[in-house]
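The values are calculated or read from the model by the stated rules, or taken from the named source; none is laboratory data. Since the structure is predicted, the reported quantities are computational estimates derived from the model, not experimental observations. Don't worry about glycine lacking a Cβ; one is built from the backbone with ideal geometry, like all the others, and counts go over all protein chains shown.
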Amino acid sequence: MSTDSILQNVKQKYSHQPIFIQTVTEFLESAGPYLTFVNATDEDYKRLKGLLIPERIISFRVTWTDDAQNIQYNTGYRIQYNSALGPYKGGLRFDPSVNEDILKFLGFEQIFKNALTGLPLGAGKGGSDFDPKGKSDTEIRSFTRAFMTELYRHIGIETDVPAGDIGVGGREIGYLYGMYKQIVNKNEGVLTGKGISFGGSQGRTEATGYGAIYFAAQMLATIDETLVRKTAVVSGSGNVALYAARKLIQEGAVVKTLSDRGGYLVKQEGFTAVETDFIESEKSARKSLADISIEGATYSEGSVWIDVQADLYFPCATQNEINGVQAQAIVDHGAVLVAEGANMPSDLDALHIFKGAKLLFGPAKAVNAGGVAVSGLEMSQNASHLPWTAEVVDQKLREIMGQIHQTCVQYGTKDDSSVDYVDGANIGGFVRVFEAMKGLGW
Ligand code: NDP
């Protein structure tokens, strides 16, 4: 058996799941040479085949009532991908694009990301094709409560601990947890990203964006560079993008852009922290960037990657937001670093261009692992009934991002001393999960 034959099998069997095939291809491009290098046995290849299959896929109907008293239906999902290292852990996404393909891709990525944190976290992902856009607060509440009415029977602190993702922020987690508590009559903190007053951790909201910047700083340090006075393009204007932008500004970088589904805002001299706060409050009120006015900033519907030159690029919106042409434009702009805040924002063409170029490329599995890492810290605080201060959580986040960087260097350093962070993250995460699966007799 070989990784080539495993990939062919996946391509045939799941030809209807192109995004899942994409993430498996990317992973096997790193795992294949590694397994050859360590003289993997046939049993190892069989175990790898097993790793690609989720332990459990749950799909259910969600019935809820809209404000006009109409009954509405959506499909809910939870993919419990791998529990070798601990309870399934990963976010819930509410977006009309959600389907089994997208959730399998996200769940598969989560295996290696969670392993990289060094915490006892298995991997899962879930969500619904429910579209939160344009919904009233009552409708969001009605939907989330209906969603939990089914999900609750599949989750638990030692089984599966969901969190947020696109379309699921603090408000939705609060409503989901409120319903869970009412059903099971337990205060076990089964979701992470909760409000501070009911068991949430300091620093969880900020963790993914801040963690991404801590990781980028470590990457830059390998070439004796810092974030100070570097120009940055950030895509997205949600949780990850805004906290990445804030941390960049704090560290002395110049954040030129933020984007949404419609287009991007560009301010050549950089947004201020106050302006990012303003954008956050406007986006929370479901406004589009096209309707948000910032002095000195202009709005465009073009491609931020092609149009805007910067030293650093942080895709923080969604999967496949950078294609090959756009990646080449980023390289031609003379970028020093690309760090993926979103999950798999670079398609395979883009990935190959970044890997072949002379720039630092940080893959999502490593760069955005800070969110799940602080979720793991939230679980520890819930289990011990002792909340930690923001300073303690931030210090631990910095340490974990530093350890992940170290793991990438360990497994990704090439003969010419350069670091391939894609190989480093894939192999570093894989080795930990694989050892656990072996030890468990799986
Ligand atoms: P949010 O819902 O808070 O924000 C998503 C942002 O991306 C919004 O600005 C949204 O635009 C934009 N966006 C969404 N879909 C598209 C699209 N198809 N095209 C262009 N722009 C789009 O999500 P998060 O910030 O939480 O998540 C962003 C990414 O980070 C996702 O890939 C997620 O999986 C990943 N991630 C998130 C973590 C977390 O802790 N939240 C942890 C690890 C990874 P609009 O405002 O128009 O909707």
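Please identify the pairs in which a residue from region 161-179 that is closer than 19 Å to Gly134 by Cβ and more than 7 Å from the ligand (Cβ to nearest atom) has its Cβ atom under 9 Å from the Cβ atom of a residue that is at pLDDT 95 or above and part of a strand (DSSP E or B), counting only partners at least 6 apart or on another chain.
Short answer, once both residue conditions are applied: Val168/Gly91; Val168/Leu92; Val168/Arg93; Val168/Phe94; Val168/Gly127; Val168/Pro162; Glu172/Leu92; Glu172/Phe94.
Between a residue in region 247-262 that is more than 20 Å from Ser293 (Cβ to Cβ) and surrounded by fewer than 24 Cβ atoms within 10 Å (Cβ to Cβ) and any residue that is aromatic (Phe, Trp, Tyr) and at pLDDT 95 or above, which pairs come within a Cβ distance under 7 Å, given they are 6 or more apart or on different chains?
From region 247-262, the pairs are Lys247/Tyr210.
So for region 297-305 (the condition being surrounded by fewer than 24 Cβ atoms within 10 Å (Cβ to Cβ) and modelled with pLDDT under 95), does at least one residue qualify?
yes
With the condition kept exactly as written, say whether any residue in region 345-357 is within 12 Å of the ligand (Cβ to nearest atom) and either surrounded by 21 or more Cβ atoms within 10 Å (Cβ to Cβ) or more than 25 Å from Ser303 (Cα to Cα) (or both).
yes
Out of everything in region 364-392 that is more than 15 Å from the ligand (Cβ to nearest atom) and among the aliphatic types (A, V, I, L, M), what residue ends up being nearest to Pro87 (Cα to Cα)?
Ala383
Restricting region 201-238 to residues that are under 16 Å from Ser375 (Cβ atoms) and among the small types (Gly, Ala, Ser), which is surrounded by the fewest Cβ atoms within 10 Å (Cβ to Cβ)?
Gly203
Consider Ser142 carefully, then state whether it is away from the ligand (no atom under 16 Å from the Cβ), touching a Phe, Trp or Tyr at 6+ places or on another chain (Cβ under 6 Å) and touching a residue at least 24 places away in the same chain (Cβ under 8 Å).
Answer is yes for this residue.
Please go through region 70-90 and give me each residue that is assigned to a strand (DSSP E or B) and surrounded by fewer than 23 Cβ atoms within 10 Å (Cβ to Cβ), ordered by number.
Within region 70-90, Ile71, Gln72, Tyr73, Asn74, Thr75 qualify.
Could you pull out the residue among Gly118, Gly107 that is assigned to a loop (DSSP other than H, G, I, E, B) and within 20 Å of the chain's Cα centre (by Cα)?
Checking each option against the conditions leaves just Gly118.
How many of the residues in region 279-330 are without any contact (Cβ under 8 Å) to a residue 60 or more places away in the chain and either outside any loop (DSSP other than H, G, I, E, B) or assigned by TED's automatic domain parsing to the domain that holds Asp165 (or both)?
22
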